[in-house]
Amino acid sequence: IPRKMGEPGLVHAGDMITVQLLSGDMSIGADGTVTAIDGKRIFAFGHRFLSVGGTELPFARANVITVLPNLSASFKISSALEWMGTITEDRSTSVYGELGRRAATVPLSVTLHGARHSPFVYNMEMVNDRVLSPFIVQMAVYSAMEATERTLGMGSFAVRGEIGFDRGVPPRKLDNTYAGDFNVPLQAALGVSTPLAYAMSSGFDALKIRSIALTIDASER
């Protein structure tokens, strides 16, 4: 997880940055070009990212490994380096942020006891966002299961853990088992993300996620 903050002078106009929605053992992000830097203020992309308005998304320097040419849409393959700051605005014409500012992220850990494998432990950091966080959790949990377990055929997944909240709010305990013949990992991932989505959309602006820790036991029965 790129926790180290880089020196502001490492980023210049024309450089590539990556906005990190999820980092660590899994990564979800979007790369874009720095448009301009004014002191600690940074403007990038030249277009919207997700158009979520005011937000708090960490961004890092990006190392472009190669460009894959394509007649319809070429794209770059890159890797994230050290964190550089936080994107605080995502508007129609650009994203805007502050160099050196550390974003408040959420630790997300998933321990998977596979049907045929030793335990896999995934440690990640994700953004703390009312809309984005449930979707990212669903993707991370599903990916952890889909990477080593089958999605077709008889199987079951027992999901245990908790979603912790700040300010003394009781944690949301999770303890459910999902079984079936078709895409059971998706059902299990939705079983984690759905209650989180309900909590985050409850209207309580002060409700913030502190951490999410999950243990998943997979079986082919």
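The values are calculated or read from the model by the stated rules, or taken from the named source; none is laboratory data. Bear in mind that the values here come from a model prediction, so they are computed numbers and not experimental data. Cβ sites come from the backbone with ideal geometry, for glycine too, and all protein chains shown count toward neighbours. With ligands, DNA and RNA removed, areas are computed over all heavy atoms of the protein, side chains included. Shrake-Rupley method; radii C 1.70, N 1.55, O 1.52, S 1.80 Å.
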Filter result for the condition that a residue is in contact (Cβ under 8 Å) with a residue 60 or more places away in the chain, among the polar types (S, T, N, Q) and in contact with a Pro (Cβ under 9 Å, 6 or more places away or on another chain), over ASN128, ASN123: ASN123
Qualifying residue in region 120-130 (condition: in a helix (DSSP H, G or I), modelled with pLDDT under 95 and under 25 Å from ILE87 (Cβ atoms)): no
Failed condition for GLY97, given (1) open to solvent by less than 70 Å² (accessible area, probe 1.4 Å); (2) assigned to a loop (DSSP other than H, G, I, E, B); (3) in contact with a Lys or Arg (Cβ under 8 Å, 6 or more places away or on another chain): (2)
Subset tally (residues that are modelled with pLDDT of 95 or more and at positive phi) for region 22-45: 1
